[in-house]
Amino acid sequence: MTPFTYHRAATASEAAQHAGAAGKYLGGGTNLVDLMRETIERPASLIDVTGLDSAIAEQPDGGLLIGAAARNTAVAEHRLVRDRYPLLARAIVAGASAQIRNMATVGGNLLQRTRCLYFYDVDGARCNKRAPGEGCDAIGGLNRNHAILGASDACIATHPSDMCVALAALDAVVHVQGVDGARAIAFTDFHRLPEDRPDVETLLRPGELITGIALPPMAFARRSTYRKVRDRASYAFALVSVAAALDMEDGRIADVRLALGGVAHKPWRATRAEAALRGQPASAALFLDAARAELADARPLRDNGFKVELAQRTIVAVLTQLMEEA
Amino acid sequence: MSINVNGAPVALPQDPRMSLLDLLREQEHLSGTKKGCNQGACGACTILVNGERILSCLALAVQYDGQEITTIEGLGSADDLHPIQRAFVQHDGFQCGYCTPGQICSAVGMIAELQRGVPSHVTDDLSDEAIAFSQEEVRERMSGNLCRCGAYNGIIDAITESVAEVAQ
Amino acid sequence: MSLIESGKALAQGLMQGAMAKAVALAPDSWIPGGEPDPLIRHQHGSIGKPVSRIDGPLKVAGAAPFAAEFPMADMVYAAIAYSSVARGRIASLDVAAAEAAPGVVLVMSHHNAPRLKPAPLFMSDPKAAAGDSIPVMQDDAICWNGQPIAVVLAATQEQADHAKSLIRVTYEAEAADTDFEAAIAAGTKPSQFMGQPLHDKLGDAEKALAKAPVSIEADYRTPRHNHNPIELHAVTLAWDGDTLRIHDAQQAVAHSAWTLAQVFDLQPEQILITSPYVGGGFGSKTLWQHHIIAAAAARMAQRPVRLMLTREGVYRTVGGRSLTQQHVALGAEEDGMLTALIHRGVTAKTAHNVMPEPFILPTRSAYAARTMLLDVQQVELDMISNTFMRAPGEAVGTFALECAMDELAEKLGMDPIDLRLRNEPEKDPISGLPFSSRHIAQAWRDGAARFGWDARSAVPAARREGEWLVGLGCATATYPYYRMPGGAARITLSREGEATIDIAAHEMGMGTSTAQTQVAAERLGLPMERIRFNYGDSTLPGLVLAGGSQQTASIGAAVIAAYNKLVAELLALAGNDSPLAGLKPDEVGSQDGGLAKLDDPSRHESYASILNRAQRAAISVEAEPPQPLETMHWSMHSHGAMFCEARVNVVTGEPRVTRFLGSFDCGRILNPKTAASQFRGGIIMGLGLALMEETQFDERSGRIMNPSLAEYHVPVHMDVPEIDVMWTDIPDPHTPMGARGIGEIGITGTGAAVANAIYNATGKRVRDLPITLDKLL
Ligand SMILES: Cc1cc2nc3c(=O)[nH]c(=O)nc-3n(C[C@H](O)[C@H](O)[C@H](O)COP(=O)(O)OP(=O)(O)OC[C@H]3O[C@@H](n4cnc5c(N)ncnc54)[C@H](O)[C@@H]3O)c2cc1C
Ligand code: SF4
Ligand code: FES
Ligand code: FES
C-alpha cells in the first residue's frame, strides 16, 4: 500500500471538501483496501464516510431513501426492503459472505471494481482499465467471466455487484454531492459502458460523494426476485444473474423490470426484453422471445459463449417463477 | 484514540495502512486471529466488532477507533473454553486448526444474526420475522469461512449442538 | 550387498530387478511385518477409541502458535517481488527507491545475494526437500513467470510491501514453452517416478483391445491444481552465529534442515527447524525458495526475519499439481472380464524438478485385466515446478480409469459395481505379488447397502426432482501403503512411569499426535495422560516425511524398533530379583505400567519398580526400524468404494453433490474420530477437484492468473453435504498396528464418482475437469 492520510468525515460536505483529486472515500473497505494492497488504487488520502448517513427512511411517496453508509446487511434485513423490494434483499444476500456484507456499504458496493483477472495483475498483465492505452490481455486470454454485452475493443470486463443488478431493475436514483452541490443520477445511467475509456466507470465527477440511493415506489416489486448462477454454491461471483419484478393482470404482463448481472461492464437493464414483454400475454414462449431479443447482440468470446444460453434460460426461469407465483 | 480488544484498550497504530488483523497479530500478539489470504476470501481473520462478524484483513485499524472488538482469545481460553469451542473439540470441527478461530468467531456472529432474523440466500420466505435454524441455513451462513482440511461436517455439528447455549 | 542394504537402495528407487525379486521371494518372516505387530491383537485398549484431539483445546482457543506467530526481538518483515516473464534474463533491476523507502533494512536480489549452493531437489537424495533446483537469486536468469527476483526487509509489513512495489525491473524475455498442446506436438518423452519408469506392459494390450467383443476408448483431462492450505507458507527465523533457528510450516522438518544446510554449506545440526503446528500442507509444505530467501536475507541484515508469503506469493513460488491428458481404452468379454486395459497419456513438468504426475499408479493394481499397457509421457514447460499434491497420481488417475469403467459398464449393460467385482484380481496384476490385505469387495457390499445403491436407475436422466436431475455414481478409491526409509524414534521412560516419544514427525491436522499417543499408550501399557509425543522438530530422531500417507506406518515402525530395544534393556536392568527374571524380550509385553510375561501376566513388574531397583531416574533408547522391504514382498494398498448422489439443474446446469459415502478398507483405524475427518477432508478436496478447482494458467505468458482464494474455488460449507464414511477395520497383518495410511485415499475415486453420478443424472459425460455448469448446459 502506498502511504496515505486518513480522515473521518463528520458531514457529507466536509467529506467532499476533503476529498480533492487524489483522495478516495472509504466505505467498508472490502474492495478498496484489497485494491490498495494490490497497488491498483493509490489514493493520497482516505476519507472515511462510514459515519455519514446510513438511515433507511420511508419517503412520503412510499419509496425508500437509503443512506450511502448503510451496510449491505442492514439493507437486506430491513423490514420495508424485504416486503417492498424483495429482489434487493435477495440480491444482497446472494453476494459475497456475511462478514463482507456486514462491512460493505451501499456506496462502496456501487463503486466496487471488476474482478477481471488481468485487471488484478499489476505486474504481469496489460489492462486498459488500470493503465489506459496499454492494451487488454483479457481479450484473447482467460475470459470465461467476461462480458457478452456492451463490451468494447478496449475492455471486456464485467461489473461484479449483485446488489446493483437489483437497483438497476428498480429504477433507483443515485444521490451524489460534490463541492459544487448535490445532484441525482438515474441508476441505469450511473455506470458506463467501457467504450474507449474503461478507466472511467461511472458518471461521478472527481471528488463527488455518493450520499444515498432512492428507490421509487413500485408496488409490483413486491413480486420480484433475484437469481444468481455461480460456480460454487456460495461465496462466488455471478456468472450470470437476473433481477426481475413482474406485474401481471389477467394473464397479461402489465409491467416488468428486468436486469442482468455478470454479462456487461455495468448492471444491465434489459430494456429490449422488457419492451417485448410489456402488454403481452405471459407465456414461456414469450419469455424466450424476450430473452433472445435481449441477447441478440451478444458477442461471446473464447471462453464465455455459454453465458448467452445461460442468461436466456435464467431469464425465462425467473419470469416463469414470478408468473407462477402470481 | 484507542479500540477495545477483549475489554482492554489498545492504541491505534501510527501507520493508517495497518489492518485490524495485523494490529492484532503483530502489535498485540493476539495471533489467534489468522491470516489465510489477506484478500477477504477465506474468513480465517473473522472477528467480532460490537458483536458483528467482520473480516479483519480488509479492515483498516484506524477505522475502528472506539469500537468493541472480540477475538477468539476473548471468547475463551484453553483451560476455560466457550461452549462453542468445546463443541468444536467434541465434534472434531477442525483438523489443522488454522481456520478454526475464524469459524468459531463467525459462528458466534452468525447465531446473533439468526436470532435477529437477518435473512440469507436460502431463506424461503423473506417476510418471516424469525429464521428457523436449519443445517442449510447454517451452511449458507458459514460459507464465508473456508476450511481446506474439510472439517465442514464437524463444524456444522458443533454449531448445531451449541446454538441453544450460545444464543442465551 | 546385504539384503538390508540392497533393500535400502531399492526403497530409494536406486535399484531394481534381481534384488527386488529376491525380496519378493524371501520367506515372510525375513520381512518387516512378517510377524504381525502384537498390538493388532489388542482389542480393548486405547487404540480404536474416538479420542478427541489432544491439541484441540489449544487450537480452538487460538493458542496454538503457527510459524508466523512466534515473536522475535528486533524482527523485520519481508516482501518478495516476482518476475512477470516466463523465461529470459533480468535486463535491469532498480531498487534505489525501495532502499530509500521508510523502514527498509535491506533489498536483496541477484545483485547482492550471498553465494549459495543449489538446493538439493526433492528425491535427488533421501534427505532432499527442495521443490526446484533453480539457484536462488544467484544470477539474472528467469526460469518461470513468478520467480522471486528480489526481497525487501523492513521494520513493518506495510513498509516492506510498499517498498517492494517501488522496485522497477525490465527483462530480456526469451521464447518460453508454456503451451501444453504445442509442447506435446513438439514431442513427448517417457517419464520416471521415484527412479522407476512410468511404463508397464502385460501382454499385448493393443491387440487384445482390437479383438475385444466390447470396448470403449476415451480421453480425459485434468487441470492444474493448488493445495491451498489456509495457513500461508511462512517462516520466522533468526541466525545465532552460524546456527539458523526456523519456526516453520513444514511437513518435512529433517529433510528441510538437511537441504538448507547444503545451501548454506553448514552441518545439518546447524539448522534447527521446529514446526509444532502446521495449518494444512497437502504436499505443499516442503522446502521452497522462500525459506532460502528469508534465511539469506536474515544473514545479510543480521536481523530475525518474518516472511509470510502472500496468497499470490504461494501461487507464484510453491508448485501445485500438474495438468494431465489421459487416454483410457478398455476391452472386455461379454461377461465383463477385462481383456485389455490401456491407460496412457501426457503430463507437464519442468526442467528443474523430477515430478511427472504419475497418473497410472492406481491402475497398476486395480483390475485383473489379461493385458495391460500403462504409460506416462512428459513434456517440460517453463512454469513453477509442480509438486506432490494429495494423492499424486491417484487423485487424477482414478478420475480417468474409474470414469472409463463406468462407460464400459454401461456399454456392457452391467452394474458398475458388478463389473469391478468381476475383475477383482487374486494377486497384483503387474508385480505378481500377493496382496497384504485386500477387502475391497466387502467395502463395496457394505457401502452399496448403506448408500441405497439399488435405487439407482441404470438409464441416465431418469430421475427429476423439480428443477434438478438426480443421479447416482460410484468409483473405486485406492492409495498404496508406503513406508519410507530413514525412520527412527526415541523412547524415554521415567521412574514416575511417564513416557516420552521423540520423533521428527509432523502434525498438520491429520491427528498424528493424538493417534500416536493412543498407540504409544497401548504399546507401553500406560494411560494416555502418561505419554508425551514430541514431534515437529528437526533435532529429534528420524527422517519422517508427512507425505504419501506414510507417517502412521513410519512412526509405528520406528516406535516398535525403539520399544523392542527398551524391553531388552528393561529386562537387563530388572536382573535376577525381578519376577521377570530369565525371560527373553519376545516372552514379555507391556501391561499396567510395566512388563509382564505374555502367557502369565502374574509375572509382572512395573517400570517404576525396575528403574528404582536399578537406581535409574529414567531410561532412554533410540532405534531405527528395518528397511521397508514389506512393500516389495506384498502388494500393499488401501481401497475405498465411493458413492455419490449428484444433482444438475436443468435450467442453469449447476452441478451440486447432495450425498456422498466413502466405504473404506484401510486396515485398522486407530482413532475413528480423527480418521473420519481425514476421510471426509480428502473427499471434500475430491469434490473440489470434480466440480470447481482449477489453477488458471495463461498459456501465452505462462502466468497463473487466479492466485487468490476468491478466484480459485475450493468447496465452501454450502458445497458440502453430510459425508458418510465407514470402514472395514480389518487390520493389515503386515503393517505396524495393522494400519495403513488414510490421509490421501479420500481424494481418490471421488472425482470419478461425481462425474459418474452426473452422467447418471443427465446422460452427459464430461471428461475434462472441473465439471462446471458450462459443460452441462
Ligand atoms: C472475496 C470477495 C467476494 C465478493 N463477492 C461478491 C459477490 O458475490 N457479489 C457482490 O456483489 N459483491 C461481492 N464482493 C464485493 C463486495 O460486495 C464489495 O467489496 C463491497 O460491496 C464494497 O463496499 P465497501 O463499502 O466495502 O466499499 P469500499 O471498499 O470501501 O469502497 C469501494 C469503492 O467505493 C468508493 N466509495 C465508497 N463509498 C463511497 C461513497 N459514499 N461515495 C463515493 N465513493 C465511495 C471507494 O472510494 C472505493 O472506490 C466480494 C468481495 C470480496 C472481497
Ligand atoms: S477486460 Fe478490461 S479490466 Fe480486464 S484486462 Fe481488459 S481492460 Fe483490463
Ligand atoms: S485473511 Fe481475511 S478473509 Fe482471508
Ligand atoms: S481445520 Fe485446517 S483449514 Fe480448517
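Results, tabulated for the structure shown:
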{"read-out": "Heavy-atom accessible surface that C and B bury in contact, both chains counted, 1.4 Å, Å² to 100", "value": "4400"}
{"read-out": "Globularity ratio of segment A:1-141, using Cα Rg and 2.2 N^0.38 Å", "value": "1.20"}
{"read-out": "Where segment C:428-501 is the region considered: accessible area per residue in Å², 1.4 Å probe", "value": "40"}
{"read-out": "Normalised convex hull volume, segment B:2-75, alpha-carbon set, Å³ per residue", "value": "74"}
{"read-out": "Cα convex hull of segment C:241-311, projected area averaged across orientations, nm²", "value": "4.8"}
{"read-out": "Interface area, B with A, accessible, probe 1.4 Å, both sides summed, Å² nearest 100", "value": "3100"}
{"read-out": "Cα convex hull of chain C - mean projected area over all directions, nm²", "value": "33.9"}
{"read-out": "Mean separation of Cα contacts under 8 Å, 6 or more apart, over the residue count of segment B:2-75: relative contact order %", "value": "41"}
{"read-out": "Hydrodynamic radius (Kirkwood) for the protein assembly as shown, which is based on Cα pairs only, to one decimal in Å", "value": "31.9"}
{"read-out": "Counted charge near C:ARG168, where neighbours are those whose Cβ lies closer than 14 Å (Asp, Glu -1; Lys, Arg +1)", "value": "-2"}
{"read-out": "Computed lengthening from C:HIS327 to C:ARG464, 0.36 nm per intervening residue step minus Cα-Cα distance", "value": "46.1 nm"}
{"read-out": "C:GLU496 versus C:GLU334: modelled label distance in nm, points set 7 Å from Cα along the beta carbon direction", "value": "7.6"}
{"read-out": "Pairwise FRET efficiency - A:ASP199 versus C:GLU172, Cβ, R0 = 41 Å, nearest 0.05", "value": "0.85"}
{"read-out": "P(r), alpha carbons of segment A:5-50 - 5 Å bins starting at zero, rounded %", "value": "6, 26, 32, 23, 11, 3"}
{"read-out": "Pairwise label distance in nanometres, C:GLN192 with C:ASN576, each label 7 Å out on the Cα-Cβ vector", "value": "6.0"}
{"read-out": "Cα-based radius of gyration of segment B:83-167 once divided by 2.2 N^0.38 Å, which approximates compact folds", "value": "1.04"}
{"read-out": "C:HIS637 long-range amide H proximity, modeled H, under 5 Å", "value": "C:SER436, C:SER437, C:TYR481"}
{"read-out": "In nm, spacing of pseudo-spin labels at A:ALA44 and C:SER29 (7 Å Cα→C-beta vector)", "value": "8.8"}
{"read-out": "Farthest positive-ward along segment A:225-325 dipole, Cα basis, beta-carbon charges - from A:ALA284, A:LEU246, A:GLY261", "value": "A:GLY261"}
{"read-out": "Residues of type aspartates and glutamates that A:LYS228 reaches as a straight line, Cα spacing below 12 Å, ignoring anything fewer than 8 places off in the same chain", "value": "A:ASP162, C:GLU654"}
{"read-out": "Check: the protein assembly as shown dipole with +1 on Lys, Arg Cβ and -1 on Asp, Glu Cβ, in debye", "value": "720"}
{"read-out": "DSSP-defined beta bridges in the protein assembly as shown - what % are antiparallel, rounded to 5", "value": "80"}
{"read-out": "Å² per residue, accessible surface of chain A at 1.4 Å", "value": "34"}
{"read-out": "Members of C:LYS21/C:LYS427; C:LYS411/C:LYS764; C:LYS427/C:LYS673; C:LYS201/C:LYS285; C:LYS117/C:LYS164 lying beyond 23 Å, as alpha-carbon distances in this model show", "value": "C:LYS427/C:LYS673; C:LYS201/C:LYS285; C:LYS117/C:LYS164"}
{"read-out": "Accessible area of segment B:83-167 divided out per residue, in Å², using a probe of 1.4 angstrom", "value": "28"}
{"read-out": "Dimensionless Rg/Rh of segment A:225-325 - Kirkwood Rh, Rg from C-alpha atoms", "value": "0.97"}
{"read-out": "Descending semi-axes in whole angstrom, ellipsoid equivalent of chain A, from the Cα gyration tensor", "value": "31, 25, 16"}
{"read-out": "Leading residue at positive end of dipole, the protein assembly as shown (Cβ point charges), from A:PHE306, A:ILE47, C:THR178", "value": "C:THR178"}
{"read-out": "Length-normalised contact order for segment C:612-720 - Cα pairs under 8 Å, 6+ apart - percent", "value": "18"}
{"read-out": "Chain C: DSSP helices with Cα axial extent of at least 27 Å and average Kyte-Doolittle hydropathy no lower than -0.5", "value": "C:551-574, C:672-691"}
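The values are calculated or read from the model by the stated rules, or taken from the named source; none is laboratory data. On a predicted model such as this, the values are computed, not experimentally measured, just so you know. Cβ atoms come from the backbone with ideal geometry, glycine included; neighbour counts cover every protein chain shown. For the accessible areas, the whole protein counts, side chains as well, though only heavy atoms, and no ligand, DNA or RNA atoms are used. Shrake-Rupley method; radii C 1.70, N 1.55, O 1.52, S 1.80 Å.
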